[in-house]
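Read the structure below first, then the notes.
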Amino acid sequence: MITPRYAALVEDRRRGLTAQLTTVFPKGEGSFLCEIGCGHGHFLTAYATANPTITCVGIDLIGDRIDRACRKRDRAGLKNLHFLQAEARLFLEQLPPAVRVANFILLFPDPWPKLRHHKNRLIQADFLSLAARCAGPSCRLYFRTDHRPYFEDASTAVENHPEWERVEEPWIFEHETVFQQRAPSHDSLVAQLSGPASR
């Protein structure tokens, strides 16, 4: 049951995201690369540096991570890079209708290994449907994890979804994150939008 207090909190977060997105996309249109769970911003700062003409937005739930990521961006002087504190689904729901995601990147998200916590994993049918509605026509979803069971479940979710399909393509950009450095091995998945993008 959603309490009035929680509903008010969500509405406040929606208003905050709308204001921030207006700053990122002042004309209410455009496309961007989105990293979900950007952490301290190592990967996206490197990507934005190498691709200065691409607008990049990283989101994360934890404010301290966003603060650190913003400091990296500011030190690098990157005008095409933005970091926002947000939950993935709420962020996508608040995107202006004329703003599209060119590519999604998810690097080593929390695998929620316990069975009772699997519902918290992001790569599931409801998220894939929302992502498809916000995606540009040639959008790719790049997912990488060091947790094999999560990789297998995510692969199954993509393969069973009517709007996404796995493709054998090179990884979008290699920059080793802290999680990747620590992982003895990892698996990567690339999916493309297979149906029409519409909202």
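The values are calculated or read from the model by the stated rules, or taken from the named source; none is laboratory data. Owing to the predicted nature of the structure, the values given are computational and were not obtained by experimental measurement. Quick reminder, even Gly has a Cβ in these numbers, built from the backbone with ideal geometry, and neighbours come from all protein chains shown. What goes into the accessible areas is simple: the full protein's heavy atoms, side chains included, and nothing from ligands, DNA or RNA. Shrake-Rupley method; radii C 1.70, N 1.55, O 1.52, S 1.80 Å.
From the residues in region 174-199 that are open to solvent by 50 Å² or more (accessible area, probe 1.4 Å) and either touching a helix residue (DSSP H, G or I) at 6+ places or on another chain (Cβ under 6 Å) or more than 21 Å from Cys34 (Cβ to Cβ) (or both), which one is modelled with the highest pLDDT?
Checking each candidate, the answer is His175.
Keeping to region 1-59, report how many residues are in contact with a Lys or Arg (Cβ under 7 Å, 6 or more places away or on another chain) and on the phi > 0 side of the Ramachandran plot.
2
Of everything in region 98-114, what is open to solvent by 50 Å² or more (accessible area, probe 1.4 Å), of a type outside the set (Asp, Glu) and modelled with pLDDT under 95? Give them in sequence order.
Within region 98-114, the subset open to solvent by 50 Å² or more (accessible area, probe 1.4 Å) is 98, 100, 110, 112-114.
From what's left, of a type outside the set (Asp, Glu): 98, 100, 112-114.
Trp112, Pro113, Lys114 - these are the residues of region 98-114 that are open to solvent by 50 Å² or more (accessible area, probe 1.4 Å), of a type outside the set (Asp, Glu) and modelled with pLDDT under 95.
Could you check region 1-32 and list, in sequence order, the residues that are in contact with a helix residue (DSSP H, G or I) (Cβ under 7 Å, 6 or more places away or on another chain) and outside any helix (DSSP H, G or I)?
None - no residue of region 1-32 is in contact with a helix residue (DSSP H, G or I) (Cβ under 7 Å, 6 or more places away or on another chain) and outside any helix (DSSP H, G or I), so the list stays empty.
Taking Thr156, is it among the β-branched types (Val, Ile, Thr) and surrounded by 12 or more Cβ atoms within 10 Å (Cβ to Cβ)? If you could, list the steps in order and put the result at the bottom.
Working: among the β-branched types (Val, Ile, Thr): yes; surrounded by 12 or more Cβ atoms within 10 Å (Cβ to Cβ): no.
No, not satisfied.
Quick check: is even one residue across region 38-57 of a type in the set (S, T, N, Q), in a loop (DSSP other than H, G, I, E, B), loosely packed, with under 11 Cβ neighbours inside 10 Å and touching a residue at least 12 places away in the same chain (Cβ under 8 Å)?
If we filter region 38-57 for residues that are of a type in the set (S, T, N, Q), which is where we start, we get 45, 49, 51, 53, 55.
Cutting the leftovers down to in a loop (DSSP other than H, G, I, E, B) gives us 51, 53, 55.
Checking the rest, the ones that are also loosely packed, with under 11 Cβ neighbours inside 10 Å come to 53.
Filter once more, so that each one left must be touching a residue at least 12 places away in the same chain (Cβ under 8 Å): 53.
Yes; the residues of region 38-57 include at least one that is of a type in the set (S, T, N, Q), in a loop (DSSP other than H, G, I, E, B), loosely packed, with under 11 Cβ neighbours inside 10 Å and touching a residue at least 12 places away in the same chain (Cβ under 8 Å).
How many residues, within region 135-153, are touching a residue at least 40 places away in the same chain (Cβ under 8 Å) and open to solvent by 20 Å² or more (accessible area, probe 1.4 Å)?
4
From Leu130, Leu84, Leu122, Leu92, grab the single residue that is closer than 18 Å to Ala19 by Cα and not in a strand (DSSP E or B). Outline the logic, then answer.
Details: Leu130 fails: closer than 18 Å to Ala19 by Cα; Leu84 fails: not in a strand (DSSP E or B); Leu122 fails: closer than 18 Å to Ala19 by Cα.
So the residue among Leu130, Leu84, Leu122, Leu92 that is closer than 18 Å to Ala19 by Cα and not in a strand (DSSP E or B) is Leu92.
Only one of these is hydrophobic (A, V, I, L, M, F, W, C), open to solvent by 30 Å² or more (accessible area, probe 1.4 Å) and under 14 Å from the mean Cα position of the chain (by Cα): Leu84, Leu61. Name it. Before you say what the answer is, go through the steps one by one.
Numbers: Leu84 fails: open to solvent by 30 Å² or more (accessible area, probe 1.4 Å).
Among Leu84, Leu61, only Leu61 is hydrophobic (A, V, I, L, M, F, W, C), open to solvent by 30 Å² or more (accessible area, probe 1.4 Å) and under 14 Å from the mean Cα position of the chain (by Cα).
Among the strands (runs of 3 or more DSSP E) lying completely within region 134-199, list those that include at least 1 residues that are among the hydroxyl-bearing types (Ser, Thr, Tyr).
So the answer is 135-145, 187-193.
Residues Gly77, Gly28: which one is surrounded by fewer than 19 Cβ atoms within 10 Å (Cβ to Cβ) and either in contact (Cβ under 8 Å) with a residue 60 or more places away in the chain or of a type in the set (Lys, Arg) (or both)? Steps first, please.
Working: Gly77 fails: either in contact (Cβ under 8 Å) with a residue 60 or more places away in the chain or of a type in the set (Lys, Arg) (or both).
Answer to the check: Gly28.
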